[in-house]
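K.L.:
One structure, as C-alpha cells, below. Some questions next.
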Amino acid sequence: MLSCCFVCVMKSFQIQSCRHAARVLDVGDINQCDWHCKQILLCTNPITNLDHAVLIDFALTTQTYEKETLNYIGNYFGILEILFRARSSGSALDPELALKHFGEPDDWDHIGVRISVPWNKDGYKDIQARDMFSFITIC
C-alpha cells in the first residue's frame, strides 16, 4: 500500500518521476489537455522507501487518430507549470530544485515558456527545446 499526498515536500526523485511520466505520455502520443494540481500524487513506498509520483485523471486526453491531424503535445510544460503553481499554493517545492531535476524539454517540444524565478537577476528564465535543426542555415 502506498502513502500518498499532494501538498508535501517534493523530492528530486519525485520531480524526475514527473518528467519521465511526461516523456512516456509524449512518446505514446497522448496529450493531457487539462493539467491541474490534483493530477499528481506524490508517493513514498513504505516498504522500499522509494519516492515517485503517480499521475491520475486522464479523462480529457487526445491522441492522433488521423495522420493529417496534429496532436498538440504539451505534457512537459503542463507538468512543469503544475510544479511551479504548487509552490504558489503553499507547497514546499523549491523552483530551483524543480528546474534542476525536471530537466530540459525534449527536442520535439515545440513551444517555449518564460517563467518567473527569484534567483535570476532578470527575474525570469526562458525555457525552450534545443533547435534540432541548428545545422541548417537559410541563406
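K.L.:
Inside the range 40-89, can you point out the residues that are of a type in the set (S, T, N, Q) and open to solvent by 30 Å² or more (accessible area, probe 1.4 Å)?
P.N.:
Result: Thr44, Asn45, Thr48, Asn49, Thr61, Thr62, Gln63, Thr64, Thr69, Ser88, Ser89.
K.L.:
So is Asp107 of a type outside the set (A, V, I, L, M) and surrounded by fewer than 15 Cβ atoms within 10 Å (Cβ to Cβ) or not?
P.N.:
Yes.
K.L.:
Would you mind listing the strands (runs of 3 or more DSSP E) fully within the range 1-77 where at least 3 residues are more than 13 Å from the chain's Cα centre (by Cα) and modelled with pLDDT under 85?
P.N.:
Here the list reads 3-5.
K.L.:
What pairs come up if the first residue lies in the range 52-76 and is touching a residue at least 40 places away in the same chain (Cβ under 8 Å), the second is open to solvent by 80 Å² or more (accessible area, probe 1.4 Å), and their beta carbons are under 7 Å apart, counting only those six or more places apart or on different chains?
P.N.:
So the pair list comes out as Asn71/Gln63.
K.L.:
Return only the number of the condition from (1) modelled with pLDDT under 75; (2) over 16 Å from Phe13 (Cα atoms); (3) charged (D, E, K, R) that Asp94 does not satisfy.
P.N.:
Status for Asp94: all satisfied but (2).
The values are calculated or read from the model by the stated rules, or taken from the named source; none is laboratory data. Keep in mind it's a predicted model, so treat the numbers as computed, not measured. Methodologically, a virtual Cβ is constructed for each residue, glycine included, from the backbone with ideal geometry; neighbour enumeration extends over all protein chains shown. Quick note on the areas: whole protein, heavy atoms, side chains included, nothing else; ligands and nucleic acids left out. Shrake-Rupley method; radii C 1.70, N 1.55, O 1.52, S 1.80 Å.
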